[in-house]
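S.K.: Please read through the structure below; I'll follow up with questions.
The values are calculated or read from the model by the stated rules, or taken from the named source; none is laboratory data. It should be emphasised that the depicted structure is a prediction, and the values quoted were computed from it without experimental measurement. No Cβ is skipped: glycine too gets one built from the backbone with ideal geometry, and neighbour counts run over all protein chains shown.
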Amino acid sequence: MSTKKVQQRERRHRRIRTRVKGSAVCPRLSVFRSLTHIYAQMIDDVAGRVLVSSSSLKLKKAKSLELAKQTGSELAKKAIAQNITKCVFDRGGYLYHGRVKALAEGAREGGLVF
């Protein structure tokens, strides 16, 4: 990726973060997308700690959309095990399309509400 695209995404993410805040009751579901993998975390911004995390690193090789959906459902399982059902979705400056959308759908199917 060119540095200009990365800088634009980071600007969008900073702008989004002014409005999206997470707490222990309703954490922020943050998404990071690399060229090969996708990562998701549920973050309590008040305490400044990660409650649950998941990534496509340890999942079986599959198409990228399927990996993203599996990552979302795995994150939802871990969150529900810790009695977290509601969250705020932070797309990280990425378009709500493709792998980011697949991760969100997997998390919703897993039982998270956002």
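S.K.: Is it the case that some residue within the range 26-47 is over 23 Å from Gln7 (Cα atoms), of a type in the set (Val, Ile, Thr) and surrounded by fewer than 16 Cβ atoms within 10 Å (Cβ to Cβ)?
M.R.: Yes, some residue in the range 26-47 is over 23 Å from Gln7 (Cα atoms), of a type in the set (Val, Ile, Thr) and surrounded by fewer than 16 Cβ atoms within 10 Å (Cβ to Cβ).
S.K.: For the range 30-45, name all the residues that are closer than 16 Å to Ala76 by Cα and outside any strand (DSSP E or B).
M.R.: Across the range 30-45, there are no qualifying residues.
S.K.: Here is a follow-up. Quick check on Leu59: is it of a type outside the set (S, T, N, Q) and either surrounded by 18 or more Cβ atoms within 10 Å (Cβ to Cβ) or outside any loop (DSSP other than H, G, I, E, B) (or both)?
M.R.: Working: of a type outside the set (S, T, N, Q): yes; either surrounded by 18 or more Cβ atoms within 10 Å (Cβ to Cβ) or outside any loop (DSSP other than H, G, I, E, B) (or both): no.
In short, no.
S.K.: A further question on this structure: Residues that are in contact with a His (Cβ under 7 Å, 6 or more places away or on another chain) and at pLDDT 95 or above: does the range 26-48 have at least one? Talk me through it step by step, then tell me what you get.
M.R.: Initial filter on the range 26-48 (in contact with a His (Cβ under 7 Å, 6 or more places away or on another chain)): none.
No, every residue in the range 26-48 fails to be in contact with a His (Cβ under 7 Å, 6 or more places away or on another chain) and at pLDDT 95 or above.
S.K.: Quick one: Thr71 ticks every box in (1) among the polar types (S, T, N, Q); (2) surrounded by 12 or more Cβ atoms within 10 Å (Cβ to Cβ); (3) without any contact (Cβ under 8 Å) to a residue 12 or more places away in the chain except a single one, so which number is it?
M.R.: Unmet for Thr71, out of (1) among the polar types (S, T, N, Q); (2) surrounded by 12 or more Cβ atoms within 10 Å (Cβ to Cβ); (3) without any contact (Cβ under 8 Å) to a residue 12 or more places away in the chain: (3).
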